[in-house]
Amino acid sequence: FPRSGTTLLDQFLDAHGDIQVIEELPVLLPLRNEVQADGGYPEGLADLSVEKINELRALYLSQLEEAGFDPQAKTVINKLPLNIIHVGLIARIFPEARIILALRHPVDAVLSCFMQDFQLNASMAYFLTLKDSAALYEAVMSLWGQYRDMLSLNVAEVRYEDLIADPKAALADTLSLLELSWEEGQGDHVAHAHARGSIRTPSYGQVTQPLYDRAADRWRRYETHLEGVLPRLVPFVRAFGYD
């Protein structure tokens, strides 16, 4: 979900010599559009032939190449938070795909989305009110729960709260999933963020600073204003093992 520490996670992963992170480019959407044009989306996923799946795989690889990424040379990570709603598409076209789930306390994620000045589009319009922000979280993460229940997915979880406390330990499962080992260069996310030159997300100011914990449990300072949305989020707080 947006504002779950994905940009910070991006810096730690992209600093690895064998990883390239695609930073919030819609390279997956042409596949969705192709499925939608043929049989509707997501209904058309059920009827894809082997030939069509291979065409869509080739289309995705061409999108990567056009964006300047080479999956033959490095592990390419497609980092666009709301790609989470297309996990069914991903699993249908790339059943071998490895998925990194960035988690943050659900109330902190929702509050941060509401407080962030996003460029307005169809998705970010949900974050104009706390009520709509919580409703989108409920819808998206409920869908994720259905994907986990119904599909055989290769998933590693990274919690924002763990990442800011001990990056190397927090990324152990992710690197294991990617069949890679921690590199010392990953330890300096600030240097890597500066070396990249530009970051395409609103989190640029945060990820170019040393690690800090003031954004963890931030929601508690606003608890009296959250009473109307907490009931929607409590099931996810519990499901994800937060207090």
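Read-outs throughout are calculated quantities, based only on the coordinates presented, and are distinct from any laboratory measurement. None of these values were measured; they are calculated from a predicted model. Note that we place each Cβ from the backbone using ideal geometry, even for glycine, and neighbour counts take in every protein chain shown.
Quickly work out the residue 129-to-residue 49 label distance, labels modelled 7 Å from Cα along the C-beta direction, and quote it in nm with one decimal.
The answer from the label model is 4.8 nm.
Using 7 Å Cα-to-Cβ label points, what is the residue 59/residue 234 separation (nm, one decimal)?
With each label point 7 Å from Cα toward Cβ, the separation is 4.4 nm.
Kindly state, to the nearest 0.05, the FRET efficiency for residue 37 paired with residue 94, given R0 = 22 Å and r defined as their beta-carbon distance.
Taking R0 as 22 Å, the efficiency between residue 37 and residue 94 is 0.65.
For residue 243 and residue 176, compute 0.36 nm times the residue count separating them, minus their Cα-Cα distance, and round to one decimal in nm.
Here the answer is 21.4 nm.
Compute the normalised compactness of the stretch 1-80: alpha-carbon radius of gyration over 2.2 N^0.38 Å, N being the residue count.
This ratio for the stretch 1-80 stands at 1.26.
Starting at the first residue of the stretch 227-243, write each ³J(HN,Hα) from the Karplus equation 6.51 cos²θ - 1.76 cosθ + 1.60 with θ = phi - 60°, in whole Hz, x for Gly and Pro.
Once rounded to whole Hz, the list reads 4, x, 10, 4, x, 6, 9, 4, x, 7, 4, 6, 4, 8, x, 8, 7.
So for the pair residue 74, residue 223, with labels modelled 7 Å out along Cα→Cβ, what separation do we get in nm?
It works out to 4.4 nm between the two label points.
Find how much the distance from residue 149 to residue 165 grows on full extension, using 0.36 nm per residue of separation minus their present alpha carbon separation; answer in nm with one decimal.
Values: separation 16, 0.36 × 16 = 5.76 nm, distance 3.01 nm.
Extending this stretch completely gives an extra 2.7 nm.
At 222 nm, what helix-only mean residue ellipticity would the chain give, in deg cm²/dmol to the nearest 500, using -39500 (n - 2.57) for each DSSP H run of four or more? It would help to have the intermediate numbers written out before the result.
On the way: 12 runs with 113 residues, N = 243.
Estimated from H runs of four or more residues: -13500 deg cm²/dmol.
When the Cα atoms of the chain are enclosed in a convex hull and the volume is divided per residue, what value in Å³ results?
133 Å³
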